[in-house]
Structures are given as structure tokens and as C-alpha cells.
Amino acid sequence: MGLIKCPKCGEMVSDKAGKCLRCNADLFSPKQVTCSDCGKDYEESLATCPYCGCPNPIKVKKKKKKRIIGNIIAAIILLMMMMGDISKFRERKENKYYNNFANAVNLITNNSTELTKTGELIAKTWYNAILQIQDEETDKYTMRGGEFVENFNEALENLWTDEDFISKGTEINNGKSEVIAAMKKVKNPPSKYKKANSELKEYYDIYLKLVNEVCYVSGSYDDYVNSVNEYANRLYELRQKLEIYNKE
């Protein structure tokens, strides 16, 4: 550290000091800036030229820099807020989709169970009528007055006109309508559930095939039984795959 002489009173003071400790005079001349309009020099600390009023370009630049920095900070804060809102929106969308997804899976599962039971009853009635096997569950369809009906077509006709069976048919149709409505709500899955949606669609397609097979009997007994079993087994396999998406 060195000493310098105060230009005003002559006192020796540190060259690190900005003012004289004795007379408070400035030890160093303030930085000057040249006015771009009038060409005169003035202190850099002034906001405008004291001679013509022209703005100090250095001050203007500093203000612009501060304004730019402020705008950047504001933009970052806004972006973070938007990202937070987008994240919350995405989470709400995913939760809504999952609830609809789970509802569709459960509806298909429950209706498939009843469908399979109905298909088994049809097959059992068909089989017992052909081989004339007495059975507590099917006798009211395969027998009349203690005797077996003439053929399986008559037994199946008795089954289809039975009030309890008609009620099951109504339940199957109602269930199908509920499933179709539920599937409409999972048409546009979030990217997180693309694969799950693809597997759900296959589950739905096999369910519809089982509905048609059970409700619209055609072909031979063996063909009918094989088709019902094939669809029922495939539904079971797909249901196991869909379990991985169960949150509970």
C-alpha cells in the first residue's frame, strides 16, 4: 500500500482511499464519459449530460441489461410455473385414464365370467340331450313328462325360452352395453398407458367374440365347446397380463 498527496490540502493519505481523511476531497478524478451529442465530457456516474441533457449511454446499457436479466428471471419463473401446471395436468389425465381403464377391465372380467357360465350351461344341455343324461340342472330342458325330448334342438329351444335364461340373456346384453360405453372412455390413452391400452383392446375383442359365440349358437357341439373354451382361456390369460397395471 502506498501514500499519495491530497490534491487539495496536501495531506498524505493511502492510495486505496477514495477521499482525503482531512478535507474530504476526492483523491481521484471521477471517470469521464463524452457526450455523443455535444461532445463535452462529464462524470460517468451522471444519468444525463449536464450540458445538453443527452442520456448517458453507459447508464442506458446498464438499465437495459438489468431489464433483460429481470425479463429472463421472470420468464424462468413463468416456465417453471407452466411446467408445474403441465405436470399436474398430465397427472390428472393419467389418473382419470387409469380409473376408466380399471373400470373397463373389471366390467369385461365380470361379464366374461357370467358369459362362460352361460356357455357351459348351453353346452351341458346340448350334451345331455344328445346322450340322454339326467342332470338336475338340465333335466327341465332335456326332459318332458319323465321322457327325454326328441332331439337336442328341442332341448336348446326349451333352454332359450326359459324365463331364468331369458333374464341371463338380458343381463349379458346390458353388460355388453356397459362394456362398450366404458371402452369409449379409454380411446386416447396417455403415453404411459399405450401398451396397457393395446392389451385392453385385445381383451375387449376376445370378450366380444365370446358374446357372439354364446348368444348365437351355430355349428356342431364340438365346435361350439372348443370356441367357448378357447375364448374363455384366452380371456383368462389376458386378465393375468393386465394385473401388472393394477395399482392396488
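The numbers here are math on the coordinates, done by the rules we state, and not lab data. None of the values given here were measured: they were computed from a predicted structure. Backbone-built Cβ (ideal geometry, glycine too); neighbour counts: all protein chains shown.
Summary table below
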item: Longest to shortest principal axis, alpha-carbon extents of segment 96-245, angstrom; result: 62, 26, 23
item: Sorted by Cβ neighbour density within 10 Å, fewest at the top, the residues M143, M183, M12; result: M12, M143, M183
item: Interchain or long-range residues, amide H under 5 Å from V149's placed H; result: M143, R144
item: Cβ-based exposure ranking for Y221, Y141, Y97, in which fewest neighbours within 10 Å come first; result: Y221, Y97, Y141
item: For K19, residues with placed amide H under 5 Å, excluding near neighbours; result: L27
